[in-house]
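The values are calculated or read from the model by the stated rules, or taken from the named source; none is laboratory data. Every value quoted in this text rests on a predicted model; they were computed, and no experiment measured them. Methodologically, a virtual Cβ is constructed for each residue, glycine included, from the backbone with ideal geometry; neighbour enumeration extends over all protein chains shown. The protein model used for the area step is the full one, side chains on, heavy atoms only, and it has no ligands, DNA or RNA in it. Shrake-Rupley method; radii C 1.70, N 1.55, O 1.52, S 1.80 Å.
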Amino acid sequence: MPPGGPGTSTSMPELPEVETLKRDLDKDVVGKRIKSVTVEGERSTRRHADKQEFIDKLEARKITGVERRGKYLLLRLEGGDVLVAHLGMSGQLLRGKGGVRDPDPKHTHVVFTFTQGGLLRFVDPRTFGEVFVTTPEELEAEVPELAHLGFDPVDDMMSWVRFGELLTARKGKLKALLMDQKFVAGIGNIYSDEILWAAGLRYDRSSETLSSQEVRRLYRAMVETLQDAIKHRGSSLADEQYRDLFGAVGEYQKEHKVYDRAGQACRRCRSTIVKVKVNGRGSFLCEQCQV
Ligand SMILES: [Zn+2]
């Protein structure tokens, strides 16, 4: 079943969830040296010829930095390589202590043990996620999506005037456009709905029809919604699939204004939130507030 599809409360990690993990990794994992790596099964490391090739590129290397590009996490390694992690639909990066008191949870595919003690697990029940090592030069050839990634709504500053020019040039429906990674990076089904509610715009408005005031509202809604979601450490839906580095669920689902709230009252006008199908996905809106 597709994430966020009808009748489900599952979701894929989007920018706020991946950014939360990035910040956790920056505080807790950067600076540590990898002592050993174990790989269970080879689906998570499928880009490598075999698991030993993956392991050999990591053991004894220090993690020197972390960045996020769209929904991808890039861990810089001493010597120049990059460990790339993509969570897919259900992937988690979890810190652990290891040992008899902290056995690997189910669906642990890769374990990185640090010389300083402790470990980092890649856990992924549905195995759409992956981890692999590449060089900065080969990264975009490995992940063509990264070569065509649109602007980052959190990291890249842009004037709303420029944003309006991009919207006009694309002539697309707003929700589809917000979810188009080539237009703007990192937004998926949850945050596109939340952003459009905050902006007071419908999912099916065509981007070139927006007044300058609406463009400004949309830009502000996008930046503020994502920043607020990061502040609340992302959204974990009923499946609680999304966890931060320490295994805790996010808090932003409690702040959702429309997503997964069909039948409930709009927090702005008290009308009933409705669910519609947009490109096969369940989407939520207030038909009073969003025009
Ligand atoms: Zn409303």
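Below, the figures for the structure above:
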| quantity | calculated |
| --- | --- |
| Residue within the range 274-285 that is within 16 Å of the ligand (Cβ to nearest atom) and over 17 Å from Leu178 (Cβ atoms) present | yes |
| Any hit, the range 161-174, residues being aromatic (Phe, Trp, Tyr) and within 12 Å of Leu210 (Cα to Cα) | yes |
| Residue within the range 2-24 that is surrounded by fewer than 18 Cβ atoms within 10 Å (Cβ to Cβ), more than 30 Å from Glu255 (Cα to Cα) and polar (S, T, N, Q) present | no |
| Residues of the range 87-103 classified as without any contact (Cβ under 8 Å) to a residue 60 or more places away in the chain and open to solvent by 30 Å² or more (accessible area, probe 1.4 Å), total | 6 |
| When residues of the range 254-270 are limited to those that are among the charged types (D, E, K, R) and in a loop (DSSP other than H, G, I, E, B), the one farthest from the ligand (Cβ to nearest atom) | Asp260 |
| Sole residue being over 18 Å from the mean Cα position of the chain (by Cα) and surrounded by 15 or more Cβ atoms within 10 Å (Cβ to Cβ), chosen from Leu166, Leu226 | Leu166 |
| Options Leu119, Leu146, Leu139, Leu177: the member that is over 23 Å from Asp228 (Cα atoms), open to solvent by less than 30 Å² (accessible area, probe 1.4 Å) and in contact with a helix residue (DSSP H, G or I) (Cβ under 6 Å, 6 or more places away or on another chain) | Leu146 |
| Filtered residue count, the range 77-126, keeping only those that are among the hydrophobic types (A, V, I, L, M, F, W, C) and more than 25 Å from the chain's Cα centre (by Cα) | 2 |
| Residue count, the range 31-61 (criterion: open to solvent by 70 Å² or more (accessible area, probe 1.4 Å) and either of a type in the set (Gly, Ala, Ser) or in a strand (DSSP E or B) (or both)) | 4 |
| Flag for Gly164 being small (Gly, Ala, Ser), without any contact (Cβ under 8 Å) to a residue 60 or more places away in the chain and touching a Phe, Trp or Tyr at 6+ places or on another chain (Cβ under 9 Å) | yes |
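Residues checked against (1) of a type in the set (A, V, I, L, M, F, W, C); (2) open to solvent by less than 50 Å² (accessible area, probe 1.4 Å):
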position	(1), (2)
Phe246	yes, no
His256	no, yes
Arg261	no, yes
Val278	yes, yes
Gly282	no, yes
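Residues checked against (1) among the basic types (Lys, Arg); (2) within 14 Å of the ligand (Cβ to nearest atom); (3) outside any strand (DSSP E or B):
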residue	(1), (2), (3)
Tyr191	no, no, yes
Asp204	no, no, yes
Val223	no, no, yes
Ile230	no, no, yes
Gly234	no, no, yes
Asp239	no, no, yes
Arg243	yes, no, yes
Glu287	no, yes, yes
Gln290	no, yes, yes
